[in-house]
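The structure appears right after this line, and notes come after that.
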Amino acid sequence: MVTADDVRRLALSLPRSYEALVADRVKFRVGRIVWLSFSRDEKSMGFAFPKEERAALVASEPDKFMLPVQSDMRYNWVRVRLDALDEAEMHELVVEAWAMCVPKRVAEEYFETSGPH
């Protein structure tokens, strides 16, 4: 099981990522783009994810993944329960969400220097 602190450590280690507090919720941004956020109780997180793939992701593991709230359905976004993730899966989801939001060159440099992903 991963915690919000585990996610926070990884998110803050990624180039151009920073933490912001918005309406009592922790969010991570690249520039002005929010690419990851925690629920107020930090038991779930929302993250950047392709809209066209999210229904399949949620259907594949409905006890783990959730659709975004109605007001966020227009965004590339999905949610996950943190207690359902292991460390490796969390790492993959967080890094891929971040990579969707940074310039392509920044993501490529990260993947080149961080080894297998």
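A short reminder: the numbers here are calculations on the coordinates, not readings from a lab. Everything numeric in this text was worked out from a predicted model, so none of it was measured. Cβ placement follows ideal geometry from the backbone for every residue including glycine, while neighbour counts extend to all protein chains displayed.
Details
- Angle between the chain longest axis and helix 87-101 axis [Cα atoms, degrees, rounded to 10]: 70
- Helix axis angle, 104-114 relative to the chain longest principal axis, alpha carbon, degrees: 80
- Over all directions, the projected convex hull of the C-alpha atoms in the stretch 47-117 averages 5.3 nm² in area.
- Mean Cβ neighbour count within 10 Å, used as a protection proxy, ranking 45-54, 3-12 highest first: 45-54, 3-12
- Net charge of Cβ neighbours under 13 Å - reference R16; Lys, Arg +1; Asp, Glu -1: +2
- Degrees, to the nearest 10: 51-60 long Cα axis against longest axis of the chain: 60
- Cβ-defined net charge surrounding E87, 12 Å radius [Lys, Arg +1; Asp, Glu -1]: -3
- The phi torsions of the stretch 6-11, fed into the Karplus equation with coefficients 6.51, -1.76 and 1.60 and a -60° offset, translate into couplings of 4, 5, 4, 4, 5, 4 Hz, rounded to whole numbers, with Gly and Pro shown as x.
- Under Karplus coefficients 6.51, -1.76 and 1.60, residue-wise ³J(HN,Hα) of the stretch 28-43 in Hz, glycine/proline x: 10, 10, 10, x, 9, 7, 7, 10, 7, 8, 9, 5, 4, 7, 6, 9
- Under the Karplus curve 6.51 cos²θ - 1.76 cosθ + 1.60, θ = phi - 60°, whole-Hz ³J(HN,Hα) for the stretch 64-71, x wherever Gly or Pro sits: 10, 9, 9, 5, x, 4, 3, 5
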